[in-house]
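Take a look at the structure below.
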Amino acid sequence: MQKPTLASGSLPDWLREMPAVSKSAVLADAEVRTLKQCPPFLDAMRDGILFPLATDVTVKDGSFSWDWDLPAHPQARMTRSPLGVHVPEQALKVPGVDENHFAIKFNNFWTISLPEGWSLLFGHPANRLDLPFRTLFGLVDCDRWSDGYVHFPALWSDPDFEGTLPAGTPVAQAWPIKRQELELSFAEMDSAGLERYLELQNALQEEPGLYRKSYRQKSGSNGT
């Protein structure tokens, strides 16, 4: 069974194969930079922790099956199934949820412990629209909930998918969040702020990649 991994080392093949530039028919075949050159897009995918599917799961005719011989523990009352379900009534009236279909639940077999004051935001792996499901989001105080498991409810989003989800497929991504009260402050932009804004806009026109070069705090290469 694979361990959770840092998302920084687990970018998908389609991103690695994406060209850095492409011609746009809308712009008369002018070259445009692709998402491979968008640091916020990449950083969201590389931040946090990815949780893997525990074993191969085959999908055929709307049914899920697997062949996995995880041994039973003589005392623990944990499931040995990589998948569970939520009955439709548990998501009653949630927009976008088909009331005639079960939601699935990816079972996780790792406990998680964080320092005091920190939580984990769990959700669908960032920008992974290629996956045939959508993991729902949830925030868990893993500094206190450190002896129990966190599982990952998801909606199956591709009814035409048939095949095998291989073990290790990322089924959830988690981002650490420090718990603290937030305050919002609003004000009109003053003349000094406007001047900084205009300087930034001019710099963006003159130097492609300005954000990555001068503002981005992430270290290392883009990993693609």
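The values are calculated or read from the model by the stated rules, or taken from the named source; none is laboratory data. The structure presented is a predicted model; accordingly, all values stated were derived computationally and were not measured. Note: ideal-geometry Cβ built from the backbone for every residue, glycine included; neighbour counts use all protein chains shown. For accessibility, only protein heavy atoms count, side chains too; no ligands or nucleic acids. Shrake-Rupley method; radii C 1.70, N 1.55, O 1.52, S 1.80 Å.
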At 1.4 Å probe size, with the rest of the protein present, what percent of the exposed accessible area of the range 86-186 is carbon and sulfur atoms?
56 percent
Calculated FRET value between Ala167 and Tyr215, using beta carbons and R₀ = 41 Å, to 0.05:
0.60
Highest GNM mean-square fluctuation, the chain, Cα pairs closer than 10 Å: which of Gly123, Gly148, Gly168?
Gly148
Once label points are set 7 Å from the Cα along Cα→Cβ at both Glu116 and Met78, what is their separation, rounded to one decimal in nm?
2.7 nm
Per residue, accessible area of the chain with a 1.4 Å probe, heavy atoms of protein chains only, in Å², comes to 68 Å²
Would you mind telling me which residue in Pro71, Pro19, Pro52 has the biggest mean-square fluctuation in a Gaussian network model of the chain, where springs connect alpha carbons within a distance under 10 angstrom?
Pro71
Sorted by chain and then number, the residues having a modelled amide H within less than 5 Å of the amide H of Leu53, at least 5 places away or on another chain, are Gly168, Thr169, Val171
Quote the charge dipole size of the chain about the Cα centre in Debye, to the nearest 20; the model charges only the Cβ of Lys and Arg (+1) and of Asp and Glu (-1).
540 debye
Contour excess over end-to-end distance, with Cα ends at Asp160 and Val94 and 0.36 nm allotted per residue
21.5 nm
What is the calculated FRET efficiency for Asp147 to Glu181, with r their C-beta to C-beta distance and R₀ = 25 Å, to the nearest 0.05?
0.35
Distance (nanometres) between label positions extended 7 Å along Cα→Cβ at Asn127 and Ala20
1.5 nm
Computed FRET value (nearest 0.05) for Ser65 with Phe102, which takes r as the C-beta separation and R₀ as 25 Å
0.95
Using alpha carbon centers only, the range 75-129 is separated from the range 190-209 by a whole-angstrom value of 43 Å
Test of understanding: in a Gaussian network model of the chain with alpha carbons linked when under 10 Å, which of Phe152, Phe102, Phe122 would top the mean-square fluctuation ranking?
Phe102
So what's the angle, to the nearest 10 degrees on a 0 to 90 scale, between helix 191-206 and the longest Cα principal axis of the chain?
80 degrees
Just to compare against my own numbers: the Cα pair-distance distribution for the chain, 5 Å bins, whole % per bin, please.
1, 5, 10, 13, 15, 15, 13, 10, 8, 5, 3, 1, 1, 0, 0
Relative compactness, the range 121-224, computed as alpha-carbon Rg over 2.2 N^0.38 Å:
1.61
